[in-house]
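Participant: Let me give you the structure first, and then I'll get to my questions.
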Amino acid sequence: MKKLFYIFLLGSSFQIKAQTQLFVPDTITGPNYNLTMHQDSVQFFPAGKKSYTYAFNQYKYLGPTLIFNKGSNVNITVNNQIGDTTTVHWHGIHLPSKWDGGPHTPILPGGVWNPQFTVMDNAATYWYHPHFHMKTAEQAIKGAAGLIIVRDPIESALSLPRKYGVDDFPLIIQCQQYDANNQAMPLGMQDSIILVNGGRASHGYTVNANFPAQMVRMRLLNASGERSFNFGFTGNKQFKIIASDGGLLNSPVTTDRIRLSPGERAEIVIDLNAMNGQTLHLMSYASELAMGIQGGPTMPMPVGSPPMDSPLNGIDFNIMQITVVPQTTNAVTTIPSSLTTNVSYLPSQASVTRTVRFTADSAMVMDGPFYFNGNSFDMMRIDYEIPLNNIEIWKIVNETMVAHPFHIHDVQFFLIDRNGNLPSAEESGRKDVVLVPSGDSVMFITKFEDFADTIIPFMYHCHILMHEDDGMMGQFIVKPILTGIRKTDINNTFLLYPNPATTELHIELKNNKVSSYQITISDITGKIIYKDKNSSIINASDFTKGMYVLEIEQDGNYYHEKIMIE
Ligand code: C2O
Ligand code: CU
Ligand code: CU
């Protein structure tokens, strides 16, 4: 009954209000990328207030597309002008944790952050967005996000559409909820305002894209806070999926649907060769989504639950109109049947299987909080210590009523199992987000290589932003390999290493009987330069090179050890 009512509203009282052309953000190519995140506002609604937004550079919403070339160095300057603390995370990019933009590397209001790294990723579509704990949803849905396109020699050698804005289009698709004052609501579960690259595309608004009559590539990003889309085209027109989150598939997958949960990307190619003058629509066939996937048919709700009945749930709706215009010169009219060779790891190479269960306080919980293995996120707790170069299997088990898109930083992974079956062809490439519906279990394999850091962890979390902000997140550090390093034994109680040290000193307890101790480090003149309780890792990177005395006080006993920083 209720659904019929909404459809009636959508169909009759919201007449066509406006049609806009697809907005294609400008690109920035390296090696220097200057990003200024600032406050702005957009008149999203015909009446009432403007909506306050966050954006990058010249835009009022979203940001420019960053073009990275594999193997090159990038030097990014992020200038925070939003009047609030933030971070910027390069979603899907493999880089040192200190440049990952997670919650441990805040950029204060007015502050500037300058990550510099070498691009190691394969050609694909990545994105950037804020990641400051408990502010991610608010800041991302206000518009602080943009795309990253990585190019590499393998992809560049293929005959694929890659003329940005001509036959290769970024599509940042969001579904959001706005309050009575037209302001974005981070916790809304009645999201029904569709935005395509920041242009309104629902309730009588249409975004139109003029695509040439040839092969056209779309880089789809679901940047919504919660909703999954089941993309397809009118008439069930077939298309080819050529890339998943982190790279090309081995060969194009012909299909008429692709489901993308929040954070996921796909590159698809649609054949418009014979369609000059015709129109079609990019749609979400949400009626086909399983119950429990946000955006799918609404579940019967326990009494007292917040409303989740967005009018878009469980119906098929238009996202973007495509008008086919004449072919361009040098058009790509066919695409290759083979793209790349992805090499996964063998389960026998894995040194551990870690099980991450999605849990909640009770089986009836629909809106959170959700946990990993019963734990809510704690900035001070490291959930896993992963030895550098470990190959691991992660088994993700959803014991809750709703689907969650699981995302892990630092790595791209390969699915090896979905409920006892091999992954589908479209899920067999490199990925960094996987949707795990209620009751499902998924296994992936990956290798934690290149970047160890014992201080700044990487995150893994649900990419439903309100779940993440609500604590459905964990963190891991990648531990450097320290074998062959002599450890100094102190009173059969502590192990100190390495000595000499360069950037950090580790204090390890030999047994767990000790509950509290005090570390003091003095220089050779006796001046105390470091004092802390129960430290396990001491950051020595700003100590002047030279000799120091480390003192451990434990239960009134004092132990001394000479240490060398070099
Ligand atoms: Cu898209 Cu941890 O983020
Ligand atoms: Cu990420
Ligand atoms: Cu979730």
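The values are calculated or read from the model by the stated rules, or taken from the named source; none is laboratory data. What you see is a predicted model; the values in this text were computed from it and never measured. A quick note on method: Cβ atoms are made from the backbone with ideal geometry, for glycine too, and the neighbour counts reach across all protein chains shown. These area figures cover heavy atoms from the full protein model, side chains too; ligands, DNA and RNA do not enter into them. Shrake-Rupley method; radii C 1.70, N 1.55, O 1.52, S 1.80 Å.
Participant: Can you tell me which residue is farthest from ligand 3 (Cβ to nearest atom) among those in region 223-280 that are of a type in the set (Ser, Thr, Tyr) and farther than 30 Å from Val343 by Cβ?
Facilitator: Thr279
Participant: Which pairs do you get when a residue that is within 22 Å of Tyr54 (Cα to Cα) and within 16 Å of ligand 3 (Cβ to nearest atom), found in region 122-133, comes within reach of a residue that is open to solvent by less than 10 Å² (accessible area, probe 1.4 Å) and not in a loop (DSSP other than H, G, I, E, B), reach meaning Cβ atoms under 8 angstrom, with the pair 6+ apart or on two chains?
Facilitator: As it stands, the answer is His131/His89; His131/Met459; His133/Met473, since those pairs meet every condition given.
Participant: Across region 412-450, what is the total count of residues that are away from ligand 1 (no atom under 16 Å from the Cβ), in a loop (DSSP other than H, G, I, E, B) and open to solvent by less than 40 Å² (accessible area, probe 1.4 Å)?
Facilitator: Of the residues in that region, 4 qualify.
Participant: How about region 134-159: which of its residues are β-branched (Val, Ile, Thr) and within 16 Å of ligand 3 (Cβ to nearest atom)?
Facilitator: Thr136, Ile141
Participant: Shifting gears a bit: When you go through Phe233, Phe169, Phe211, Phe229 one by one, which is the residue that is at pLDDT 95 or above and within 26 Å of Glu468 (Cβ to Cβ)?
Facilitator: Checking each option against the conditions leaves just Phe229.
Participant: Inside region 388-411, can you point out the residues that are part of a strand (DSSP E or B) and at pLDDT below 95?
Facilitator: none
Participant: Still on this model: Would you mind finding the one in Asp453, Asp489, Asp555, Asp532 that is in contact with a helix residue (DSSP H, G or I) (Cβ under 6 Å, 6 or more places away or on another chain) and either assigned by TED's automatic domain parsing to the domain that holds Thr355 or open to solvent by 10 Å² or more (accessible area, probe 1.4 Å) (or both)?
Facilitator: Answer to the selection: Asp453.
Participant: For region 374-387, check the following and say yes or no: at least one residue is within 16 Å of ligand 3 (Cβ to nearest atom), assigned to a strand (DSSP E or B) and small (Gly, Ala, Ser).
Facilitator: No, the conditions are met nowhere in region 374-387.
Participant: Mind counting the residues in region 131-180 that are within 16 Å of ligand 1 (Cβ to nearest atom) and assigned to a loop (DSSP other than H, G, I, E, B)?
Facilitator: 9
Participant: Now, a different point. Of all residues in region 278-297, which are in contact (Cβ under 8 Å) with a residue 12 or more places away in the chain, open to solvent by 50 Å² or more (accessible area, probe 1.4 Å) and in a loop (DSSP other than H, G, I, E, B)?
Facilitator: Gln278, Ala290
Participant: Next up: Does region 358-371 include one or more residues that are open to solvent by 40 Å² or more (accessible area, probe 1.4 Å), in contact with a Gly (Cβ under 7 Å, 6 or more places away or on another chain), on the phi < 0 side of the Ramachandran plot and in contact (Cβ under 8 Å) with a residue 60 or more places away in the chain?
Facilitator: yes
For every residue, the table says whether it meets (1) surrounded by 17 or more Cβ atoms within 10 Å (Cβ to Cβ); (2) within 14 Å of Met218 (Cβ to Cβ).
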| residue | (1), (2) |
| --- | --- |
| Asn250 | no, no |
| Ala266 | yes, yes |
| Asn276 | no, no |
| Pro311 | yes, no |
| Ile315 | yes, no |
| Ile319 | yes, yes |
| Thr329 | no, no |
| Thr334 | no, no |
| Thr341 | no, no |
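Participant: Here's something else I'd like to know. Working carefully through the options Gln43, Gln116, Gln81, Gln21, find the one that is more than 16 Å from ligand 1 (Cβ to nearest atom) and free of Cβ contacts under 8 Å to residues at least 24 places away in the same chain.
Facilitator: Answer to the check: Gln43.
Participant: Moving on. How many residues, within region 419-464, are more than 16 Å from ligand 2 (Cβ to nearest atom) and basic (Lys, Arg)?
Facilitator: Here the count works out to 1.
Participant: Can you pull out the residues in region 58-114 that are under 17 Å from Ile477 (Cα atoms) and in contact with a Pro (Cβ under 6 Å, 6 or more places away or on another chain)?
Facilitator: Passing the criteria: only Trp99.
Participant: Name the single residue that is nearest to Gly232 (Cα to Cα) among those in region 257-275 being within 15 Å of ligand 1 (Cβ to nearest atom) and not in a loop (DSSP other than H, G, I, E, B).
Facilitator: The extreme case among them is Leu260.
Participant: Restricting attention to region 498-517, does a residue exist that is among the hydroxyl-bearing types (Ser, Thr, Tyr), outside any loop (DSSP other than H, G, I, E, B) and in contact (Cβ under 8 Å) with a residue 12 or more places away in the chain?
Facilitator: No, region 498-517 has no match at all.
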